[in-house]
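The values are calculated or read from the model by the stated rules, or taken from the named source; none is laboratory data. The structure displayed is predicted, hence computed values, not measured ones. Here the Cβ positions follow ideal geometry from the backbone for every residue, glycine too, while neighbour counts run over all protein chains shown. Accessible surface is based on the protein model in full, side chains and every heavy atom, while ligands, DNA and RNA are left aside. Shrake-Rupley method; radii C 1.70, N 1.55, O 1.52, S 1.80 Å.
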Amino acid sequence: MTNFDLSSLPYYDPRKHRKVALVTGGNSGIGWYTVLHLYMHGFAVYVAGRNANRVSRALKDIKKEAKNRLKALEPKNRNPVGELLYLSLDLAQLKSVEKAAKKFRSLESSLDVLINNAGVMALPYSVTEDGFEIQLQTNYVAHFLLTMQLLPNIKRCRGRIISVSSIGHNLELSYFSLSQSFNYKPNILFTWMRYAMAKTACIQFAKMLAIKHSDVLCMSVHPGLVMKTNLFSYWTRLPIVGIFFWFYFQLVGYFFGVSNEQGSVATLRAALSTELEREWDNGKYLTTGGREAKPSYVANNLDNAASTWLWTIHELRDRGYDF
Ligand SMILES: NC(=O)c1ccc[n+]([C@@H]2O[C@H](COP(=O)([O-])OP(=O)(O)OC[C@H]3O[C@@H](n4cnc5c(N)ncnc54)[C@H](OP(=O)(O)O)[C@@H]3O)[C@@H](O)[C@H]2O)c1
């Protein structure tokens, strides 16, 4: 399987253009490499995260990694890097999302690339202070709100919006309204249904955005099976059984997995590739290594996508957010 070649992506000299990206959850895993590459391609990257210490440590490490990679190149091939900035954002609180969007708008007029990457997976059932199931809010609803609040900035420069979904969306075998919370036991089964519904909604969101805002390129991606990220830590930290889960995830990673950096390729292709065009590629889904793929029947169906869109607009309106 050949990956999309990241060296074919365009570089923007920060001395000539100000290109701005915002990556949620850019402090670890796949997001970390997404930020590294955007930074090395000349972008001013806002890394939006909920823990200032974790994000500032990541920014330091990313700068160091970029320096080392540049040192290894011939001097004539060393391009100036962009800029790394921290934006405080907790997706589990809609107030924090609103605040982050407001802060961003006060600092920048345009947003070239928004990457809705942050996520949680297969957590026990819990409800946020905003009244949404935790996986649904973190992976989808909060990103919907963030995107809609930044849309004027994205439209100003005909930017791109990337929704990081998952192959796990295929577990939703028939369409369910997002009001169906699947709060059943055993958690080990039904938590995957909740994750699948949230990740299906991410794909549907990209499709609906592509229809409603065709001046912006909107895509969704599955990054690949990337087993060395923190996404699996709830399961691997469980007392006693955690070691079995750890072993299981390592085994899956060994046979089917890709590295954290390879996990960023699909997102980076969607965000930067000049081969992709609004006219032909809007709403499409890329998978491991940046290859185009077809999402599940449920995620691909536009009636389902429209129902999900309407459900979200109504739920957010009930909480005081109007679009
Ligand atoms: N790894 C895989 O195999 C795989 C497969 C398919 C899809 N994905 C998707 O890829 C994306 C990145 O996952 P990853 O594997 O790189 O996992 P990761 O290392 O756990 O990264 C997840 C990121 O999301 C952030 N996050 C979680 N809850 C948040 C909140 N309430 N507010 C703000 N940020 C929050 C985390 O921040 P903290 O550091 O503060 O926790 C972290 O930066 C996720 O959307 C995931 O569903 C991953």
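Only residues that are out of contact with any helix residue (DSSP H, G or I) (no Cβ under 6 Å at 6 or more places or on another chain) and open to solvent by less than 80 Å² (accessible area, probe 1.4 Å) were counted across region 95-113, and they come to 7. For the residues ARG54, ARG15, the requirement of being over 16 Å from the mean Cα position of the chain (by Cα), near the ligand (Cβ under 9 Å from one of its atoms), of a type in the set (Lys, Arg) and at pLDDT 95 or above singles out ARG54.
Each residue in region 39-60 was checked for being part of a helix (DSSP H, G or I) and over 26 Å from HIS17 (Cβ atoms), and 5 pass. Residues that are over 16 Å from the mean Cα position of the chain (by Cα), within 16 Å of the ligand (Cβ to nearest atom), over 16 Å from ILE115 (Cα atoms) and open to solvent by 10 Å² or more (accessible area, probe 1.4 Å): does region 215-230 have at least one? Scanning region 215-230 turns up at least one residue that is over 16 Å from the mean Cα position of the chain (by Cα), within 16 Å of the ligand (Cβ to nearest atom), over 16 Å from ILE115 (Cα atoms) and open to solvent by 10 Å² or more (accessible area, probe 1.4 Å). Test GLN137 against the criterion of being open to solvent by less than 10 Å² (accessible area, probe 1.4 Å) and within 14 Å of the ligand (Cβ to nearest atom), and give yes or no. So GLN137 fits the description; yes.
Among the residues here, TYR33 does not qualify as aromatic (Phe, Trp, Tyr), open to solvent by less than 20 Å² (accessible area, probe 1.4 Å) and within 16 Å of the ligand (Cβ to nearest atom). The residues of region 20-30 that are surrounded by 24 or more Cβ atoms within 10 Å (Cβ to Cβ) and touching a residue at least 40 places away in the same chain (Cβ under 8 Å), listed by number, are VAL20, ALA21, LEU22, VAL23, THR24, GLY25, GLY26, ILE30. Just checking, does region 272-288 include any residue being touching a residue at least 12 places away in the same chain (Cβ under 8 Å), within 15 Å of the ligand (Cβ to nearest atom), open to solvent by 40 Å² or more (accessible area, probe 1.4 Å) and of a type in the set (Phe, Trp, Tyr)? Scanning region 272-288, I find no residue that is touching a residue at least 12 places away in the same chain (Cβ under 8 Å), within 15 Å of the ligand (Cβ to nearest atom), open to solvent by 40 Å² or more (accessible area, probe 1.4 Å) and of a type in the set (Phe, Trp, Tyr), so the answer is no.
Total residues in region 115-134 satisfying the condition of being surrounded by fewer than 20 Cβ atoms within 10 Å (Cβ to Cβ) and either in contact (Cβ under 8 Å) with a residue 12 or more places away in the chain or within 9 Å of the ligand (Cβ to nearest atom) (or both): the figure is 10. Among all residues of region 171-184, there is at least one that is in contact (Cβ under 8 Å) with a residue 12 or more places away in the chain, assigned to a helix (DSSP H, G or I) and open to solvent by 20 Å² or more (accessible area, probe 1.4 Å).
Give the residue that is farthest from the chain's Cα centre (by Cα), with candidates limited to residues of region 64-119 that are aliphatic (A, V, I, L, M) and more than 20 Å from PHE43 (Cβ to Cβ). Only one residue tops the list, namely ALA72. Within region 186-200, can one find any residue that is free of Cβ contacts under 8 Å to residues at least 12 places away in the same chain, farther than 24 Å from GLN149 by Cα and either aromatic (Phe, Trp, Tyr) or in contact with a Phe, Trp or Tyr (Cβ under 8 Å, 6 or more places away or on another chain) (or both)? No, region 186-200 contains no residue that is free of Cβ contacts under 8 Å to residues at least 12 places away in the same chain, farther than 24 Å from GLN149 by Cα and either aromatic (Phe, Trp, Tyr) or in contact with a Phe, Trp or Tyr (Cβ under 8 Å, 6 or more places away or on another chain) (or both). For region 151-171, which residues satisfy the criterion of being within 23 Å of SER264 (Cα to Cα) and away from the ligand (no atom under 14 Å from the Cβ)? Result: ILE154, ARG158, GLY159, ARG160, ILE161. Comparison of ILE167, ILE154 shows that the only residue that is open to solvent by 40 Å² or more (accessible area, probe 1.4 Å), under 23 Å from LYS207 (Cβ atoms) and of a type in the set (A, V, I, L, M) is ILE167.
Counting the residues of region 77-94 that are loosely packed, with under 14 Cβ neighbours inside 10 Å and either modelled with pLDDT of 95 or more or in contact with a His (Cβ under 7 Å, 6 or more places away or on another chain) (or both) gives 3.
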